[in-house]
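One structure below.
The values are calculated or read from the model by the stated rules, or taken from the named source; none is laboratory data. This is a predicted model, so every value here is computed, not measured. Here Cβ is always computed from backbone atoms with ideal geometry, including for glycine, and neighbour counts include all displayed protein chains.
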């Protein structure tokens, strides 16, 4: 077993961890060719809140009341151990940056999700836009595909566009792990060709003319834009193909896992390959909110599902040469309490948690920051969410210092932080 | 003038003539709140910050006192960690809170010099906090008002705390407030300023009008007291309400809102020939579909049919609510029956034939529903109070504590679920034994009302009866207001309080006096919800046009024009069926069932996509549009099936047919442009296709999809 000291040592090595110099050079060379506008994001969204203490930041030496039943296993990064239930992921840690010192102050799902998806604290009177919505507005669509796709669908307002307007809301792909998956309503009805549909559309505009000016928000305008975007999408063979997961070999689909996250990640890869800028993949709802019986849920379902999906995604992206242009982020909205509660669960804990990044020039083989002995507080190198957001936006070539005027005229900077140099 | 207690010659100075003392409770603890130390995102959070935990906004001064020993130095007060942190002399995550030459600093030093005592048990305490003015109209950006905060103490004395409380604006973009209580208008609108100290919170409402009431402001007729109050406020704000709806607009609106349907061709022609709005309202409130609409709304709030209760359980509850409305059951009796319910859930098989429909599965939302769950649901549903945060910790913003929560839960300590019947049948049973204990103190709780008084449980009685008596008592502030707020939102699109079930000091209503008046009127009319609805529906406020004018276009809070809102998913599907004459089929329900009659969860993709809830949590429906909805309207099966199966009376001449289509879908006549467009299409294509295309356009239109 590795001592806590060895973790600290990793944490303090700095930018390149245990990469050999050759790898560094290859990374740098690859980075040079990548244009920011080519980068996409796949966001493994563990809504509900991932327990850092049972996955990426275990504390085998801590008190019984804090310690879960899982063991650690060595990883491909010398000196680093993670949970035994993430064996595939363990083999890839030399390709990732693991941050063990994420910290914020929002301990409710809603406000914490707003923060982790937007970089802003939730405001009582204003809905701030999520990363995917900002990218949609700033960078627009590529190849007739919606720029921002959510698998399966958003819950509440946190993953949405807020004051940017519903036009920049995510496109819901639905649950992918079903027989004969397809996006609903992508085909014109029987007997209706595009000429006829366009005739219908112009009749619709005529009927709408009567009360159009009654809307004092921009809802009607947004609805109009949805018709145009929907028509573009339905007309595009490329878009249809991107959603056609059945084209993938059965073997590969098995590798990803026949689970929501597994098939979701595979679809996400197809989508970024085809031009989608931001794909969120989750299990739906606040599935990771384990206030009770956390451990059997983790070992039987949640961790194997995440492990397969993440590892298969990383490998697949790499083999297709997409890892240099795809930023993969694994995170929930917060971590979970060190203390195991009476129901054998862990509660919400934003003060210190872990987050994994890979691809798009993020150096491999780094462990950044450290938590204290019980994983409650950040001991070294706290990483704040606005800084992470600034980093992400900079990677994609978005001027994160740009100010939006909200619907009530209040200026909101895209990201209020400073880019983190260790993320490349 | 160097000591706080000299600045404000207050209560404590009077106690000991020679040496006035600094009180921890009244002088020191408030500093933590006003300086931001005791906020929920800092040391006031559930688990504190960096090992130092204060009670939120100074709710529990003893707890704060007990957190201090390692952070204070009585011998050399200036060396106290508390002061070094607050003045940022040592690194502090919260930065500089006050400087060494501040009053706060000197007050704490003086208290430390006295030996840092806790107040004696008989020391005076704050019993209430007031802010004045409690409401203020400001004209134009830039105008200011100085707020004054006064506390009343247990010995009857008053003290001005204006400079010692914490101020915050609910909407800092509309009105900002500084640390001394000076509020400044930034833009037109309204909001509340929260004032907090020592566990107390009050608010002041600040309205900002663009300009003073114009001399030319029109006289707007009022139909009843609703209009008097709504229009009085609009006049103060110099906002002119929109004009009255046309008869056609009113007809469509009131049908959709009361019975969830469009008027038939015959009904429309009858009303438009002899329009009598009040009579139509009376008629609609007696229709069966009216009862069905409210059955659906309440069944959804009760989350009927989740988990093992399934579709059968949901139908029992739905039928029970519908019948309650059909029987004109007063709202308080309806709630009483639900809360006191016990016995078989009656959704099982043969052994229960003939058992009366009852809502007993109300308590059986999930297998492991327990007293705290019931407390959470019942307080939110019927009292508009979200006390569930107090389950784990004292409420972040309000006065609810864990004692309050578990005391309230104690009313349900004897509610149990028993699997006493065969065939998966369950029953809610009111047991002889059962109690709720406080999770920290392990104390067995006495049932406690939300007003703070408590009673003893007794084996001879159903203690829930005492609860419903208290709930429905005219003196209770929560019960009538909550249902008024829900009903008001149903018809006007926005509650006086939003969210509708989140009444708190820090979330005040937009029209407090009107909310009170409607609640009192409901009580005076024995909780007859039809009376309340009749009052609202007959008001000119409800009957205003949705078309804004130049003066009210920006107003979103004051009902100056009717608020556009998308129709409920069920109403949308049902009116699509009506317009095309092709009913929707729902799996598991007989043919001809309307969406409004789908009593359980489910109901198909269109309903779910347009906001029907899965009922696993209490929440508002989400009415934000998204592209999946649009794609379903463009090419989805709901509309396509109807257009294919629809049988139009093609024997009618085109003008007559157009008139009929428009009357039965949009409740108006087609415009000249619309007529011309259809006729020019008829010259190119076959009639059936042209009319299918027209119906597609109408069913996709905003005018069809939205209540207006």
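Screening residue B:85 on (1) more than 14 Å from every other protein chain (Cβ to nearest Cβ); (2) part of a loop (DSSP other than H, G, I, E, B); (3) more than 30 Å from residue B:155 (Cα to Cα) shows it passes everything except condition (2).
Note on the range A:156-167: residues that are outside any helix (DSSP H, G or I) and more than 18 Å from the chain's Cα centre (by Cα) amount to 1.
Of all residues in the range B:641-652 being surrounded by fewer than 20 Cβ atoms within 10 Å (Cβ to Cβ) and either in contact (Cβ under 8 Å) with a residue 24 or more places away in the chain or at the interface with chain A (Cβ under 10 Å from one of its Cβ atoms) (or both), which is farthest from residue A:153 (Cα to Cα)? Spell out how you get there, then give the answer.
If we filter the range B:641-652 for residues that are surrounded by fewer than 20 Cβ atoms within 10 Å (Cβ to Cβ), which is where we start, we get B:641, B:644-652.
Adding the requirement that they be either in contact (Cβ under 8 Å) with a residue 24 or more places away in the chain or at the interface with chain A (Cβ under 10 Å from one of its Cβ atoms) (or both) leaves B:641, B:644-648, B:650.
Numbers: B:641: 26, B:644: 31, B:645: 32, B:646: 33, B:647: 37, B:648: 38, B:650: 43 Å.
Among those residues, the one meeting the criterion is B:650.
Within the range B:71-80, being assigned to a helix (DSSP H, G or I) and either in contact (Cβ under 8 Å) with a residue 12 or more places away in the chain or touching a strand residue (DSSP E or B) at 6+ places or on another chain (Cβ under 9 Å) (or both) holds for B:71, B:77, B:78. Within the option set A:264, A:257, being touching a strand residue (DSSP E or B) at 6+ places or on another chain (Cβ under 7 Å), modelled with pLDDT of 90 or more and more than 14 Å from chain B (Cβ to nearest Cβ) holds for one residue only, A:264. Out of A:75, A:55, one residue alone is crowded, with 19+ Cβ neighbours inside 10 Å, touching a strand residue (DSSP E or B) at 6+ places or on another chain (Cβ under 9 Å) and without any contact (Cβ under 8 Å) to a residue 60 or more places away in the chain. It is A:75.
Scanning the range A:214-233 finds no residues that are out of contact with any helix residue (DSSP H, G or I) (no Cβ under 6 Å at 6 or more places or on another chain), more than 7 Å from chain B (Cβ to nearest Cβ) and over 18 Å from residue A:169 (Cβ atoms).
Looking at the range A:168-200 only, could you name the residues that are touching a residue at least 24 places away in the same chain (Cβ under 8 Å) and assigned to a helix (DSSP H, G or I)? A:168, A:194, A:197, listed by residue number. Of all residues in the range B:471-504, those that are more than 15 Å from the chain's Cα centre (by Cα) and either under 26 Å from residue B:227 (Cβ atoms) or at pLDDT 95 or above (or both) total 1. Of everything listed in (1) within 40 Å of the chain's Cα centre (by Cα); (2) buried (at least 21 other Cβ atoms within 10 Å of the Cβ); (3) more than 10 Å from every other protein chain (Cβ to nearest Cβ), the single unmet condition for residue B:665 is (3). Across the range B:678-700, the number of residues qualifying as assigned to a helix (DSSP H, G or I) and either buried (at least 17 other Cβ atoms within 10 Å of the Cβ) or facing another protein chain (nearest Cβ under 9 Å) (or both) comes to 14. Would you check if there is a residue in the range B:57-69 being in contact with a strand residue (DSSP E or B) (Cβ under 9 Å, 6 or more places away or on another chain), farther than 30 Å from residue A:104 by Cβ and at pLDDT 85 or above? No, that holds for no residue.
Those residues that are surrounded by fewer than 21 Cβ atoms within 10 Å (Cβ to Cβ) and either within 14 Å of chain A (Cβ to nearest Cβ) or at pLDDT 90 or above (or both), I need them from the range B:156-168; list them, please. Before you say what the answer is, go through the steps one by one.
Filtering the range B:156-168 down to residues surrounded by fewer than 21 Cβ atoms within 10 Å (Cβ to Cβ) leaves B:156-160, B:162-163, B:168.
Passing the criteria: B:156, B:157, B:158, B:159, B:160, B:162, B:168.
Going by what's in this entry, would residue B:672 be described as more than 8 Å from chain A (Cβ to nearest Cβ), out of contact with any helix residue (DSSP H, G or I) (no Cβ under 8 Å at 6 or more places or on another chain) and at pLDDT 95 or above? Even if it seems obvious, please write down each step before you answer.
Values: more than 8 Å from chain A (Cβ to nearest Cβ): yes; out of contact with any helix residue (DSSP H, G or I) (no Cβ under 8 Å at 6 or more places or on another chain): yes; at pLDDT 95 or above: yes.
Yes.
When the strands (runs of 3 or more DSSP E) confined to the range A:1-116 are screened for residues that are closer than 26 Å to residue A:131 by Cα and at pLDDT 95 or above, those reaching at least 3 such residues are found at A:40-45, A:96-103. On the given criteria, is residue A:185 at positive phi and within 8 Å of another protein chain (Cβ to nearest Cβ)? So residue A:185 fits the description; yes. Just checking, which of A:203, A:271 is modelled with pLDDT of 95 or more, assigned to a helix (DSSP H, G or I), more than 14 Å from chain B (Cβ to nearest Cβ) and on the phi < 0 side of the Ramachandran plot? That would be A:271, the only listed residue that is modelled with pLDDT of 95 or more, assigned to a helix (DSSP H, G or I), more than 14 Å from chain B (Cβ to nearest Cβ) and on the phi < 0 side of the Ramachandran plot.
Residue A:153 fulfils the conditions (1) surrounded by 22 or more Cβ atoms within 10 Å (Cβ to Cβ); (2) within 15 Å of the chain's Cα centre (by Cα); (3) assigned to a loop (DSSP other than H, G, I, E, B) except for a single criterion, (1).
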